[in-house]
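Read the structure below first, then the notes.
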Amino acid sequence: VENNDVLLVATRPENVEQRQAAINAKGLTAKIVDVEAFALENACKLMTHQMPDGGIDRSIAVVDFGATSTTFSVLRNLKVVYTRDFAFGGQQLTEEIMRTYGLSMEEAGRAKKEGGLPGNYQSEVLDLFIDDMTQQVSRSLQFYLASGSGREQPEKILVCGGCANISGVGDVISSRVGISAEKGDPLGQMKLSSRAKAQAVARDATALLTACGLALRSFD
């Protein structure tokens, strides 16, 4: 008798309906609703140019910092072997900017991306947030190494999400965690349309990891 491995995924209907409503509001219709972990695995194939030996026979960690939550994953042979979600994200930095400088959410978000904050921003706000980011990565690595026998330290960390655009964050994580880390770039091997704004694409690329993984479903 031949055996097949089958993976079942379940979610609450409202989780699917929320996502359908979001794209319906833009005049689009969903054909497939996928699991974020699967989308991330697909998207990581776009970052093989940043992995030792293209990720083959290598363990690579990918940490995707979202607005309110972060996903830490470890891939072996480009397959996710471990994933962990936790409540941490760029919104915490935005809120700290609001509190420190008396700005609205919109003003703080714009200042975070475009600059123009007082000279003490780096030392009193941003450096503390980078410390928190580093601690989250270090803690996730510890959880991963303790999650089963035969776990090995990843050889590289790819930092994704909007927070990956913070200047020098890869170097800070590298020095404190002891693993080479750099900003992940899922669009790095793609050709850009002449209609695309190259500077804006470069700025947003690292935040599009899940979106790229979802888009790759169109080619399956």
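The values are calculated or read from the model by the stated rules, or taken from the named source; none is laboratory data. The structure presented is a predicted model; accordingly, all values stated were derived computationally and were not measured. Cβ: placed from backbone, ideal geometry, glycine included. Neighbour counts: every protein chain shown. To get the accessible areas, we keep the full protein, side chains included, count just its heavy atoms, and leave off ligands, DNA and RNA. Shrake-Rupley method; radii C 1.70, N 1.55, O 1.52, S 1.80 Å.
Looking only at residues of the range 75-107 that are at positive phi and exposed (fewer than 15 other Cβ atoms within 10 Å of the Cβ), we find that the one that is farthest from the chain's Cα centre (by Cα) is GLY102.
Just wondering, is there one or more residues in the range 20-29 that are within 29 Å of LEU78 (Cα to Cα), out of contact with any Pro (no Cβ under 9 Å at 6 or more places or on another chain) and open to solvent by 100 Å² or more (accessible area, probe 1.4 Å)? No, the range 20-29 contains no residue that is within 29 Å of LEU78 (Cα to Cα), out of contact with any Pro (no Cβ under 9 Å at 6 or more places or on another chain) and open to solvent by 100 Å² or more (accessible area, probe 1.4 Å).
If you go through the range 115-168 and keep only what is farther than 25 Å from LEU40 by Cβ and of a type in the set (Ser, Thr, Tyr), you end up with TYR121, SER123. Each residue in the range 72-106 was checked for being charged (D, E, K, R) and farther than 18 Å from GLY148 by Cα, and 4 pass. Exactly one residue among GLY184, GLY170, GLY162 is in contact with a strand residue (DSSP E or B) (Cβ under 9 Å, 6 or more places away or on another chain), more than 26 Å from ILE23 (Cβ to Cβ), small (Gly, Ala, Ser) and open to solvent by less than 60 Å² (accessible area, probe 1.4 Å), and that residue is GLY170.
Considering only residues in the range 1-41 that are outside any helix (DSSP H, G or I) and acidic (Asp, Glu), the one that is farthest from VAL80 (Cα to Cα) turns out to be GLU2.
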